[in-house]
């Protein structure tokens, strides 16, 4: 023990020395963010997990400006689920997170909401955009996945070519103005001997949802069946693995469904905005 | 080198083994937050650095509700200076950060602003409170001072019984709505061999302003004379020490002075709200 170097004893890469890196099944791990966005603009539709590794990704929610304070306050009061990375001025579809990007076209898939109901899931939203829309870009757990992968952790949804599984929990968010709704979480199966590494890697990245909200015990979150996620796809959980749950940027969509603002545009769950910001900019240590 | 245990090589307590702990000159380091607030409510006026060590402190800014979105957006866009810990609903003077506290009476000193001008500096603000006020509680660098002290770092302003020195820089904040203004920073003199420790300790606490915005070179921030702070008091900088600058929660007050909202209530610089939240709740690793 005394002769084990500190780097192997404590560093997040502990697992990497023992395990193969989780495979790059998308083939998109090393394309620059601008190239990813160009593919989505041209019509490619895919979950963005595993794309442009090392760059931050973001959830999108755009609402009429008279709902903007409610959304921003909801995000502040529930920042584990809703870490705000940028907010646009009304009508603008540009963000400092990727100056060349257009928020109306550069995500792989969107959702259109009227009075809390999903009415369309288009590939671009130019025809839906309004001059009073304020867009919120909210941190994504996909941002910490490159660091998890480097640390030797499996990313089962990427391995299996699926969207990450997301579950609507029975845990209520703290309400804000007219917005209320339940916490949504993502789940990743983690081998029991790597759970601590997963906690440490993600805890340092609160703008990507930070540390898990729960490790094991899905019942405590009100999740009855891990095989039936509310968004995304089920993934295989192996014998030696524990389900680990992180707060999810789909939470604002659940609030839209519960609170029924007259109009909202969001990304489709798992289909994020790929930014130009390196994930290291969101790592606090 | 190889025989040095990891804990001494890398841990934030490195300095503590070599140096005396910075003295508790206030005599208030170990009183509970509720007791500190009771003293302030009864009329004690003092900077809160060194009070109730181990509990988070917060800056206060309250504005009429029609300015609340501007303040919240300004905070989001300048979160190094303005990490929001809580936002009240209009008119309420209570916060989840200290359920028993009254924001109108429990800080040691307040400032009243009309059209960007300071018009009063009372010990309580009951007569100024309005039903449309929204109060923002913003993280304070005093929150990380207990961790700095435990790590063996000097807290010169506490040692010398002064308020922390604060400087208005020439660095503009990112504007938000009607709010704009310069970044304000605090300065602590740090021995050169402990600067890295100061960075590591504070980087893990972004809700207390996180890592320094600059180490040395005050001219780059537009600070001409460290002996003449814009708020607080000058402190001694010793031969072997480097001035280290952190973003400061007085930044919203500078925005009030620049942007002239019709009315605002803030804390007096350095005279914070002492919360019931342990500082560990804001430590990300």
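Scanning the stretch B:146-171 for residues being within 18 Å of residue B:209 (Cβ to Cβ) and in a loop (DSSP other than H, G, I, E, B) gives a total of 6.
From the list B:45, B:84, which one is within 12 Å of chain A (Cβ to nearest Cβ) and within 19 Å of residue B:267 (Cβ to Cβ)?
Working: B:45 fails: within 12 Å of chain A (Cβ to nearest Cβ).
Among B:45, B:84, only B:84 is within 12 Å of chain A (Cβ to nearest Cβ) and within 19 Å of residue B:267 (Cβ to Cβ).
When A:94, A:130, A:111, A:104 are screened for being under 16 Å from the mean Cα position of the chain (by Cα) and either within 22 Å of residue A:247 (Cα to Cα) or part of a loop (DSSP other than H, G, I, E, B) (or both), only A:111 passes. In the set (1) buried (at least 22 other Cβ atoms within 10 Å of the Cβ); (2) closer than 20 Å to residue A:55 by Cβ, the condition left unmet by residue A:194 is number (2). The number of residues in the stretch B:189-227 being within 14 Å of chain A (Cβ to nearest Cβ) and without any contact (Cβ under 8 Å) to a residue 12 or more places away in the chain comes to 2.
For the stretch A:66-81, the set of residues classified as more than 20 Å from the chain's Cα centre (by Cα) and more than 9 Å from chain B (Cβ to nearest Cβ) consists of A:66, A:67, A:70, listed by residue number.
The single condition among (1) buried (at least 21 other Cβ atoms within 10 Å of the Cβ); (2) away from every other protein chain (no Cβ under 14 Å) that residue B:112 does not satisfy is (1).
When the test is whether a residue is at negative phi, modelled with pLDDT of 95 or more and touching a helix residue (DSSP H, G or I) at 6+ places or on another chain (Cβ under 7 Å), residue B:83 passes it.
Yes or no: the stretch B:172-185 includes at least one residue that is surrounded by 24 or more Cβ atoms within 10 Å (Cβ to Cβ), at negative phi and not in a strand (DSSP E or B). Scanning the stretch B:172-185 turns up at least one residue that is surrounded by 24 or more Cβ atoms within 10 Å (Cβ to Cβ), at negative phi and not in a strand (DSSP E or B).
Can residue B:99 be described as surrounded by fewer than 17 Cβ atoms within 10 Å (Cβ to Cβ), more than 30 Å from residue A:134 (Cα to Cα) and more than 16 Å from the chain's Cα centre (by Cα)?
On the way: surrounded by fewer than 17 Cβ atoms within 10 Å (Cβ to Cβ): yes; more than 30 Å from residue A:134 (Cα to Cα): yes; more than 16 Å from the chain's Cα centre (by Cα): yes.
So residue B:99 fits the description; yes.
The values are calculated or read from the model by the stated rules, or taken from the named source; none is laboratory data. None of these values were measured; they are calculated from a predicted model. We place every Cβ from the backbone using ideal geometry, glycine too, and count neighbours over all the protein chains shown.
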